[in-house]
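Have a look at the structure below before the remarks.
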């Protein structure tokens, strides 16, 4: 039900419980998310490598465990956030995550729907995060923003004029594949110098010769600077006032990352309409991916259009 204070109905308590699935390059997570964006139960495992069916079997085990643990909860459907690129409609997505080599044109939505007999919808994990942060996170109330994940990969989801941007093939927002170093390292996408090739966890690990979590303050700030410069171009192009960032690299590097990113963003935004744009940590923290997966279900699966009118307070309150 929509009201003047909540035109999208996003905060309606009668919104159903969703089985939320997050598929990442290093971890799989499955949980139940209620109608207010609260994670009720959650299970995680590392992503299996080398074999596509082994990866799906591990995901299936998590799904069955969560449903068994919550057998008395009525679940409306399955929402999935997964790395891209991907093709097809939300209920027929074929996924080819750059960081999961064993899945190429993998029919993830149909496989999950067939597993438990519930309808399933899939979208890019960073677009899912954008929906989640606009629903009940750091972008709540904002109608124009970029949400980013800086982790095993670097992805983005765009909300413009209160609507999630899909693009011609549903893959809009891949900010990780903006070229930031023209002669830089080769990216998994095949191009050189992409943001993902210099700022993702695996890229940082290759650069410093140890896990990305061991990076020095200098490296953490350098990564923040690269991200800030990249998103500055997006902010100028689309007239955005807010960038919300999640992911193990960004959140793990903390203030060093965000101070450097804000400084670079300030330097990139000389136009009057983007001066003062902010880059901030995602508000949902570790819950963001699962809340995002639930938001994908509400947007595509139950017909309530969660992104149709994101923004429930005055825009100046979040710019």
### Query
How many Å³ per residue does the convex hull of the Cα positions in the range 215-273 occupy?
66 Å³
### Message
Based only on other Cβ atoms within 10 Å, what is the fewest-to-most ordering of 297, 103, 135?
### Response
103, 135, 297
### Query
Hull surface divided by four, with the convex hull built on the Cα atoms of the range 10-139: how many nm²?
7.4 nm²
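Given R₀ = 45 Å, FRET efficiency for residue 273-residue 102 by Cβ-Cβ distance, to 0.05?
Details: r = 45 Å, r/R0 = 0.99.
Efficiency at R0 = 45 Å is approximately 0.50.
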### Task
Determine, from the Cβ-Cβ distance of residue 92 and residue 218 and an R0 of 35 Å, the FRET efficiency 1/(1 + (r/R0)^6), rounded to the nearest 0.05.
0.15
### DSSP bridge orientation in the range 17-125 - percent antiparallel, rounded to nearest 5
55 percent
### Query
Out of 59, 238, 40, any idea which swings most in a Gaussian network model of the chain, alpha carbons joined below 10 Å?
40
### Task
May I ask what percent, to the nearest 5, of DSSP beta bridges between residues of the chain are antiparallel?
55 percent
### Query
Could you state the number of Å between the C-alpha centres of the range 31-72 and the range 148-195?
27 Å
## Note on the structure
the chain: Kirkwood hydrodynamic radius (Cα pairs, Å) comes out at 19.4 Å
### Message
Tell me the mean residue ellipticity at 222 nm calculated for the chain from its helices only (DSSP H runs of n ≥ 4, each -39500 (n - 2.57), averaged over every residue, nearest 500).
### Response
-10000 deg cm²/dmol
### Summary
Most exposed first, judged by fewest Cβ atoms within 10 angstrom, 39, 154 run 39, 154
### Task
Find how much the distance from residue 58 to residue 186 grows on full extension, using 0.36 nm per residue of separation minus their present alpha carbon separation; answer in nm with one decimal.
43.0 nm
### Message
I need 42, 53 ordered by Cβ neighbour count within 10 Å, fewest first.
### Response
53, 42
### Task
Would you look at the GNM of the chain, springs on alpha carbons closer than 10 Å, and say which of 85, 97, 185 moves the most?
185
### Task
Whole number please: convex hull volume per residue, Cα atoms of the range 138-283, in Å³.
104 Å³
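Just so you know, all these numbers are worked out from the coordinates, no wet-lab data involved. Computed from a predicted structure; not experimentally measured. As a convention, Cβ positions derive from the backbone with ideal geometry for all residues, glycine included, and neighbour counts pool all protein chains shown.
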